[in-house]
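In what follows, a structure is listed as structure tokens, so that the remarks can point back to it.
The values are calculated or read from the model by the stated rules, or taken from the named source; none is laboratory data. As the structure is a prediction and not an experimental result, all values here were calculated from the model. Neighbour counts run over all protein chains shown; Cβ positions are idealised from the backbone, glycine included.
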Amino acid sequence: MELSRMNPWWSLKKVPEDWLGIKRLVLDELIPYIPKRMALLLHGVHRVGKSTLLFQIIQHLIDQKIDPYQILYFTFDEYLVNMEDLLLQYEKEIAKEALQNKPLYIFLDEIQKHPKWWDKLKVFYDLYPNIKWFLSGSNGLMLTKHITESLAGRVFSFQIQPLSFSEYLSFLGIQWDKDHIEAQMATFEPYVSHYLETSGFPELYREKDSRIIRQYFLETIENRIIFQDIPLQFKIEEPLLLQQLFKVIAGNPGMTVMYSHFGNDFKRDARTIESYLGYLEKSYLLRKLAVFSTNKLTSQKKLKKFYPTYSAFSWMQRQNPIDDKSYMGHLVEGVVAQTTQSIFFLKPTQEEEIDIMVQVGNTFTPVEVKFRNNITDRMIQKCIRLLTKMNLSKGYMITQNERKTIKNETVTLQLIPLAEFLLRESSLFSDGL
């Protein structure tokens, strides 16, 4: 193993500039956890920027006058080696003394590829209290399962997302004022469709060629996860079925799924369909929404809606989707669900539905998506009637560019353009309407 190639700061005394990229906002959230004893795990879909964040943390340590030789980075994406062999080589060739003699910072990238990594890490975590561990992984099910079962109390876990819309604008050098968003909407509008097409993946924020964007997601996300990562981790027998399920849902965002019906369509057992959709969900390719109910068991038994986790996965399924308003509406529903981390939709009857129920604490706020310019009074009144019927006092309607607030004696409905919603989302549900 050529450790020096993966750790150029040993000779350069800094992380190479092209490894650092642009500083991510989430870095400031992670820094307070660096001095803590517990390991720090970054998880999320491939190419979302986990490795870059690890390099940014390494540079932060160097800036804090940590000896670069006390920092070890290794990625299991390149080599599958025993953790014992890795530490032994580092001890002999680099540290040149017992590992327990000084504070060390060890970064293990794509940790899920190491066999029995959770057992190894538990042993080393307890054996070397002087080592601060930093991990990254791209398999939600495996990471969550083993952290809960084997590493409870030893790991801080953060899911890393692509760039938020505000961060995407910042990367492009677009300035905006949170107190005057309404006056700046004309500035934001040209960037909305590109953001939906790329989902804020950091490597694509300046890429304008749709063919390259489409190929990027096909090769680095879809093919890799479906045909390599999931079969390797779960020993599944039919990766083509995984691909078929993913493409059906990505091409029809927000579709209602009954496992038995899918089973009939694909000539598979309903339990197989449920398992395969679960693998796609835990691998960050799909997001599932359940019917809202205060009874969790009731929610689990009812219909499910599935969306691709990121809008780019839907965008790549069609040519010029922006021209299809119905399709774009469902695509934006998925964006709202992902942005708000929602897991429920409201469906009191067969004919009535609210797209998203956003939960903050014990409060649920309904969000309906009408991604178009011509919001009719009929659409508004239908939404208000349903909110009134369900005793919900406030709600949002996400539009393409229309903004206004409608109030009656019991309900307040705010129409808000998607760009504004994405920029204000973190404060909307905490501050109220």
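Here are the numbers for the structure shown:
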quantity: Any chance residue 166 is farther than 15 Å from residue 42 by Cα, touching a helix residue (DSSP H, G or I) at 6+ places or on another chain (Cβ under 7 Å) and of a type in the set (Gly, Ala, Ser); calculated: yes
quantity: Qualifying positions in region 6-21 - in a helix (DSSP H, G or I) and either within 11 Å of residue 72 (Cα to Cα) or among the acidic types (Asp, Glu) (or both); calculated: 6, 9, 10, 17, 18
quantity: Those residues of region 22-49 which are closer than 16 Å to residue 62 by Cβ and either in a loop (DSSP other than H, G, I, E, B) or touching a Gly at 6+ places or on another chain (Cβ under 6 Å) (or both), in sequence order; calculated: 23, 34, 35
quantity: Candidates 302, 347, filtered to the one that is among the charged types (D, E, K, R) and modelled with pLDDT under 90; calculated: 302
quantity: Qualifying residue in region 212-219 (condition: within 21 Å of residue 337 (Cβ to Cβ) and aromatic (Phe, Trp, Tyr)); calculated: yes
quantity: Cross-chain or 6+ apart pairs with Cβ under 6 Å, region 369-390 first and hydroxyl-bearing (Ser, Thr, Tyr), then not in a helix (DSSP H, G or I); calculated: 388/410; 388/411
quantity: Residue check for residue 91: assigned to a helix (DSSP H, G or I) and either under 22 Å from residue 156 (Cβ atoms) or out of contact with any strand residue (DSSP E or B) (no Cβ under 9 Å at 6 or more places or on another chain) (or both); calculated: yes
quantity: Those residues of region 37-84 which are modelled with pLDDT under 95, of a type in the set (Asp, Glu) and more than 28 Å from residue 217 (Cβ to Cβ), in sequence order; calculated: 84
quantity: Residues satisfying the stated conditions in region 113-141, i.e. at pLDDT 90 or above and either in contact with a Phe, Trp or Tyr (Cβ under 6 Å, 6 or more places away or on another chain) or polar (S, T, N, Q) (or both); calculated: 130, 132, 134, 136
quantity: Looking only at region 58-72, and only at residues there that are hydrophobic (A, V, I, L, M, F, W, C) and more than 15 Å from residue 6 (Cβ to Cβ), the one that is surrounded by the most Cβ atoms within 10 Å (Cβ to Cβ); calculated: 61
quantity: Any strands (runs of 3 or more DSSP E) falling wholly within region 322-433 and containing at least 2 residues that are crowded, with 16+ Cβ neighbours inside 10 Å and over 21 Å from the mean Cα position of the chain (by Cα); calculated: 363-369, 394-399, 412-417
quantity: Boolean, residue 157 is closer than 23 Å to residue 6 by Cβ, of a type in the set (S, T, N, Q) and touching a His at 6+ places or on another chain (Cβ under 8 Å); calculated: no
quantity: Residue count, region 96-119 (criterion: crowded, with 19+ Cβ neighbours inside 10 Å, part of a helix (DSSP H, G or I) and among the charged types (D, E, K, R)); calculated: 1
quantity: From the options 79, 90, residue that is among the aromatic types (Phe, Trp, Tyr), touching a Leu at 6+ places or on another chain (Cβ under 8 Å), surrounded by fewer than 21 Cβ atoms within 10 Å (Cβ to Cβ) and in contact (Cβ under 8 Å) with a residue 60 or more places away in the chain; calculated: 90
quantity: Out of 66, 57, 34, sole residue that is in contact with a His (Cβ under 8 Å, 6 or more places away or on another chain) and in contact (Cβ under 8 Å) with a residue 12 or more places away in the chain; calculated: 34
quantity: Inter-residue pairs, beta-carbon under 8 Å, first farther than 22 Å from residue 229 by Cβ and in region 260-281, second of a type in the set (S, T, N, Q) and part of a helix (DSSP H, G or I), 6+ apart; calculated: 263/272; 270/260
quantity: Residues that are touching a strand residue (DSSP E or B) at 6+ places or on another chain (Cβ under 9 Å) and at pLDDT 95 or above, drawn from region 316-339; calculated: 329, 330, 331, 332, 333, 334, 335, 336, 337, 338
quantity: Those residues of region 1-23 which are free of Cβ contacts under 8 Å to residues at least 24 places away in the same chain and closer than 21 Å to residue 83 by Cα, in sequence order; calculated: 2, 4, 5, 8
quantity: In region 144-187, the residues that are among the hydroxyl-bearing types (Ser, Thr, Tyr) and under 23 Å from the mean Cα position of the chain (by Cα); calculated: 144, 148, 157, 164, 166, 168, 170
quantity: Sole exception among (1) β-branched (Val, Ile, Thr); (2) at pLDDT below 90; (3) farther than 24 Å from residue 337 by Cα for residue 144, by number; calculated: (3)
quantity: Among residues of region 173-213, those that are surrounded by fewer than 12 Cβ atoms within 10 Å (Cβ to Cβ), within 30 Å of residue 77 (Cα to Cα) and of a type in the set (A, V, I, L, M), counted; calculated: 1
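Here is a yes/no grid of residues against (1) over 18 Å from the mean Cα position of the chain (by Cα); (2) surrounded by fewer than 17 Cβ atoms within 10 Å (Cβ to Cβ); (3) closer than 16 Å to residue 316 by Cα:
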{"position": "215", "(1), (2), (3)": "yes, yes, yes"}
{"position": "222", "(1), (2), (3)": "no, no, yes"}
{"position": "228", "(1), (2), (3)": "yes, yes, no"}
{"position": "231", "(1), (2), (3)": "yes, yes, no"}
{"position": "247", "(1), (2), (3)": "yes, yes, yes"}
{"position": "258", "(1), (2), (3)": "yes, yes, no"}
